[in-house]
């Protein structure tokens, strides 16, 4: 655990909490959803993301639901089946027809999620014009920046489970991923938002000075375990 966050998010001190919330708010894009041709769920350890994608499909936002993700560093410690297969199972249990689901289960990072999905759709002769991408709350912005780099000609809106920072840290942490880990991942994602455009992985995203200062304070406080 980080030096100033215990297993329960309720023990986060006020200063750290304010810094984390600033990053949390920045990572959210607050896109207004509109009808799309496909919902692309970027998979991970976080099964509430699968439920969010299924809910959007069942609400009629798009006629096709795609799950993309193999096994990552965290999910390898949790499951034996690929993330996309597990997420698809959740969607089917929620009432999504199996024939309306596509599964891409080889990708191991966000860029591959999008690239391999693009290849899968081409193989099946499908060409959705517009997308809704579903991701974890603290990965909305990086997912958008990655999608726009990999597939720039496709309009996209990004969303995530509707949940507060405190509820997320409390409800979505577990033995393999503590609240401190989640904060560390948020910090690492902000670093990637700054560095990845130069590597050709994402489009540029402006980072306000106060957000970057919050990042630097969190790194100084010890939340550096997921930095490059």
Give the range 194-203 a look and list any residue that's touching a residue at least 40 places away in the same chain (Cβ under 8 Å) and surrounded by fewer than 22 Cβ atoms within 10 Å (Cβ to Cβ), or say none. 197, 200, 201, 203
Would a scan of the range 69-78 turn up a residue that is buried (at least 18 other Cβ atoms within 10 Å of the Cβ) and either in contact with a strand residue (DSSP E or B) (Cβ under 8 Å, 6 or more places away or on another chain) or at pLDDT 95 or above (or both)? yes
Do you know which residues across the range 122-156 are under 18 Å from residue 193 (Cβ atoms) and touching a strand residue (DSSP E or B) at 6+ places or on another chain (Cβ under 6 Å)? 133, 135, 140, 143, 144, 147, 156
Name the single residue, out of those in the range 158-170 being surrounded by fewer than 19 Cβ atoms within 10 Å (Cβ to Cβ) and within 16 Å of the chain's Cα centre (by Cα), that is farthest from residue 41 (Cα to Cα). 164
Working only within the range 204-228, note down all residues that are loosely packed, with under 12 Cβ neighbours inside 10 Å and either touching a residue at least 24 places away in the same chain (Cβ under 8 Å) or in contact with a strand residue (DSSP E or B) (Cβ under 8 Å, 6 or more places away or on another chain) (or both). 208, 210, 228
Which listed residue, of 86, 100, 118, 129, is touching a residue at least 12 places away in the same chain (Cβ under 8 Å) and under 17 Å from the mean Cα position of the chain (by Cα): 86
Residue list for the range 39-73, restricted to those being closer than 22 Å to residue 108 by Cβ, in contact (Cβ under 8 Å) with a residue 12 or more places away in the chain and part of a loop (DSSP other than H, G, I, E, B): 43, 44, 45, 46, 69, 70, 71, 72
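The values are calculated or read from the model by the stated rules, or taken from the named source; none is laboratory data. The structure presented is a predicted model; accordingly, all values stated were derived computationally and were not measured. Reconstructed Cβ throughout: ideal geometry from the backbone, glycine too, with neighbour counts over all protein chains shown.
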